[in-house]
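Working notes, structure below.
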Amino acid sequence: MKNSILTIPIPKNFSFTKCLKFLNRGYSECLYKVDDSQVTRLIRLSSGLALIQITADSKNMFVSTKKEQINESDEKEVEAYVIDWFDINRDIQPFYQLLDTQKQTTKFSKKYHGLRLMGIVDLFESLCWCVIGQQINLTFAHKIKTRLVYKYGECMKDGEHTYYCFPLPEILLKAQREDLVSMQFSKQKINYIFNISTAFCINVINKKDLLGLNKEQQMEALLAIKGIGPWTANYVSMKSLRDMTCIAYGDTGLSSALHNHFATEKKPDNQTINEIFSSFKDWESYFNFYLWRSLS
């Protein structure tokens, strides 16, 4: 195994500690491991699998990469992955200024200072995760995801721990229905997973092409796949395509947070949601994310 270390300068309004705390929320995540002020995960590069371990001090993030062979192109991909995952390159000071203008959210910019909108870099993983989590709680959703990843995901052993990547669409497309049923996938969710896997396999959808479209076109492309509804399209646009103007309408967590902080009805209608979010124009995704965070 070869090893290389990248240094990524930490920008203003960034807290590695707050980001790790978000990643380590106690849901038994199977795709990365957080411990001792570091996070380790297996990622898929153009040239193969690479194990990355991220630490930080007050000025820099340090990314250690283990791989059979490591070249300059690999290092650039690793850097791009980490920057995307932690949303490092975004100046979020304007968002904090907006938070401070609202009496209901003035505490957010201090309580969550430096927390970035942690992404899901792999669009396919993001879409499948939405399907997995439909109509069940997060704890159970993570259990089902773990079963799927352990059976179909590629892995790499490092010391006493084995790290996994989310399965590729061509692998999930070959999965046996009875195996997925045994993992407690419903018939509908199995169909949706197959629909999404097929779309990726025949290149009906891919992240690179979507990023070249405007928001309306992106939504149209996503919603054309059976199993992807408005909530999923907004979630993956926020977490994977990095559209900062997304609102997770109909989300129970968002409804609860709005009720807690803005005294709305327990299930506020879209008009009420839009009125509140209008104060956070172009930062809707971050506001949505911070509202979710306020629930824990």
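Here are a few things to note about the model shown:
- Looking across region 194-204, the residues that are without any contact (Cβ under 8 Å) to a residue 24 or more places away in the chain and either among the hydroxyl-bearing types (Ser, Thr, Tyr) or not in a helix (DSSP H, G or I) (or both) come down to Ile202, Asn203, Val204.
- Within region 236-296, helices (runs of 4 or more DSSP H) holding 3 or more residues that are over 20 Å from Asn137 (Cα atoms) and of a type outside the set (Phe, Trp, Tyr): 270-277
- No other residue among Leu211, Leu223 is under 27 Å from Ile83 (Cα atoms) and not small (Gly, Ala, Ser) apart from Leu211.
- Within region 71-101, the set of residues being closer than 12 Å to Leu6 by Cα and in contact with a Lys or Arg (Cβ under 7 Å, 6 or more places away or on another chain) comprises Asp74 only.
- Residues satisfying the stated conditions in region 54-108, i.e. touching a Ser or Thr at 6+ places or on another chain (Cβ under 8 Å), surrounded by fewer than 18 Cβ atoms within 10 Å (Cβ to Cβ) and not in a helix (DSSP H, G or I): Thr55, Asn60, Phe62, Ser64, Gln69, Asn71, Asp100, Thr101, Gln102
- Any hit, region 225-233, residues being part of a loop (DSSP other than H, G, I, E, B), within 21 Å of the chain's Cα centre (by Cα) and either assigned by TED's automatic domain parsing to the domain that holds Thr264 or without any contact (Cβ under 8 Å) to a residue 12 or more places away in the chain (or both): yes
- Taken residue by residue, region 12-23 has at least one member that is assigned to a loop (DSSP other than H, G, I, E, B), among the aromatic types (Phe, Trp, Tyr) and under 23 Å from Glu284 (Cβ atoms).
- The set of residues in region 228-255 being touching a Lys or Arg at 6+ places or on another chain (Cβ under 9 Å) and among the β-branched types (Val, Ile, Thr) consists of Thr245, Thr252.
- Residues (over 19 Å from the mean Cα position of the chain (by Cα) and not in a loop (DSSP other than H, G, I, E, B)) located in region 210-222: Glu216, Gln217, Glu220, Ala221
- Residues of region 247-296 satisfying the condition of being farther than 20 Å from Cys130 by Cβ, exposed (fewer than 14 other Cβ atoms within 10 Å of the Cβ) and hydroxyl-bearing (Ser, Thr, Tyr): Ser278
The values are calculated or read from the model by the stated rules, or taken from the named source; none is laboratory data. What you see is a predicted model; the values in this text were computed from it and never measured. Methodologically, a virtual Cβ is constructed for each residue, glycine included, from the backbone with ideal geometry; neighbour enumeration extends over all protein chains shown.
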